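Structure first, commentary second.
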Amino acid sequence: MLETDKAEAPRDFASLRALLLARKDALPKRLAQVAGYAMANPDDIAFGTVASIAEAAGVPTSTLVRFAQALGYQGFSDLQLIFRSRLRDRVLDYDERLRSLAEHARGVSKPALLFAGFSDAAEESVRSVRERIDPHRIEEAVEQLISAETIYLIGQRRSFPVTSYMSYAMGKLGIRNVLVGSSSGTDAETLSFAGAKDAAVAVSFTPYASASVGQAKQLAEQNVPMVVITDSPFSPLASLGAVWFEVVEADYEGFRPLSATLALAMTLVVSVAEARG
């Protein structure tokens with residue numbers, strides 16, 4: 001039963017998020033697709049039109065209405081109010097900072113404005129992740145990686161800079177690792193050597209790279225302990241990791257930095273190295 005009494009519909013973002021997580025496995029495919037997009041792009045839900053949100057989420061506009069009503073709201077606009085209240089509750093609204101920056105940057109060159117914008121996005125990303133991630137979860141992830149004979153690193157497209165730098169750092173620190181992503185197309189064969197005595201780190205953000213999802217599923221089927229870094233509890237990778245982290249990078253002019261992701265990745269690498277002595 002997906003329908004919720006309208007009187008019981010969540011009236012704040014935290015409650016809405018908790019409800020979606022609780023219903024994650026019960027939502028029909030299309031509604032789960034909307035939920036995943038909404039959790040990964042809450043600002044877009046707050047300010048977008050039904051048409052633009054439906055196009056970005058890859059669903060018909062009618063699905064957005066069904067999604068809202070399934071959660072107990074009268075319509076999609078009613079649901080949007082929750083996402084807008086999330087922004088009002090911020091101590092300092094990030095979008096307002098950027099708009100203010102643009103309005104008061106008279107005489108400033110475009111590169112200087114971009115640098116300021118991307119720097120603000122990086123700061124916002126790190127601040128948000130520090131508030132969201134429980135340090136005990138990091139300790140759990142490190143425990144998964146400490147005793148691994150080999151650590152396999154999975155990440156394609158935007159995530160590849162993260163795993164490639166992890167591989168570089170691990171190599172310098174004496175941690176045996178395999179950076180997955182061969183131009184010869186032999187990744188499946190390379191991963192076939194992984195087993196329960198190894199471990200893996202998988203990194204992927206929406207739109208999730210199909211290759212990364214397939215590789216992570218292969219390792220999960222081989223009982224390889226996995227640490228996942230992704231951007232939503234509805235990510236196809238979230239359920240595969242023994243420990244997973246939700247990292248949502250702030251964006252500027254449509255680009256998202258990797259500042260928070262790299263900070264977390266390097267925390268894992270150095271923590272494992274220190275634990276191994």
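Taking first residues from segment 4-21 that are over 18 Å from Q69 (Cβ atoms) and partners that are at pLDDT 80 or above and crowded, with 16+ Cβ neighbours inside 10 Å, the Cβ contacts under 6 Å between residues at least 6 apart in sequence or on separate chains come to F13/I82; L21/P233. For segment 235-247, what are the residues that are closer than 15 Å to S210 by Cα and either crowded, with 22+ Cβ neighbours inside 10 Å or among the basic types (K, R) (or both)? Scanning segment 235-247 gives S235, L237.
Within segment 1-27, if we keep just the residues that are basic (K, R) and at pLDDT 75 or above, the residue that is surrounded by the fewest Cβ atoms within 10 Å (Cβ to Cβ) turns out to be R11.
Candidates F67, F47: the one that is among the aromatic types (F, W, Y), surrounded by fewer than 20 Cβ atoms within 10 Å (Cβ to Cβ) and closer than 22 Å to D12 by Cβ is F47. Considering the conditions (1) in a helix (DSSP H, G or I); (2) in contact (Cβ under 8 Å) with a residue 60 or more places away in the chain; (3) surrounded by 22 or more Cβ atoms within 10 Å (Cβ to Cβ), V227 is excluded by exactly one of them, (1). Taking (1) assigned to a helix (DSSP H, G or I); (2) touching a Ser or Thr at 6+ places or on another chain (Cβ under 9 Å) in turn, Y165 satisfies each apart from (2). Scanning segment 217-242 for residues that are at pLDDT 90 or above and of a type in the set (A, V, I, L, M) yields a total of 7.
Against the conditions (1) part of a strand (DSSP E or B); (2) within 15 Å of A238 (Cα to Cα), where does V178 fall short? Just the number, please. It is condition (2) that V178 fails. Among the listed residues A260, A209, A238, A242, identify the single one that is closer than 16 Å to P135 by Cβ and outside the structural domain of V34 (by TED's automatic domain parsing). Every option except A260 fails the conditions. Checked against the criteria, T61 does not count as polar (S, T, N, Q) and surrounded by fewer than 13 Cβ atoms within 10 Å (Cβ to Cβ). Considering (1) surrounded by 13 or more Cβ atoms within 10 Å (Cβ to Cβ); (2) of a type outside the set (D, E, K, R); (3) more than 20 Å from L258 (Cα to Cα), the lone condition that S183 does not fulfil carries the number (1). The number of residues in segment 174-187 that are within 25 Å of L268 (Cβ to Cβ) and modelled with pLDDT under 90 comes to 3.
Across segment 232-277, the number of residues qualifying as in a strand (DSSP E or B) and farther than 20 Å from E139 by Cβ comes to 2.
The values are calculated or read from the model by the stated rules, or taken from the named source; none is laboratory data. Model, not experiment: these values are computed from the prediction. Don't worry about glycine lacking a Cβ; one is built from the backbone with ideal geometry, like all the others, and counts go over all protein chains shown.
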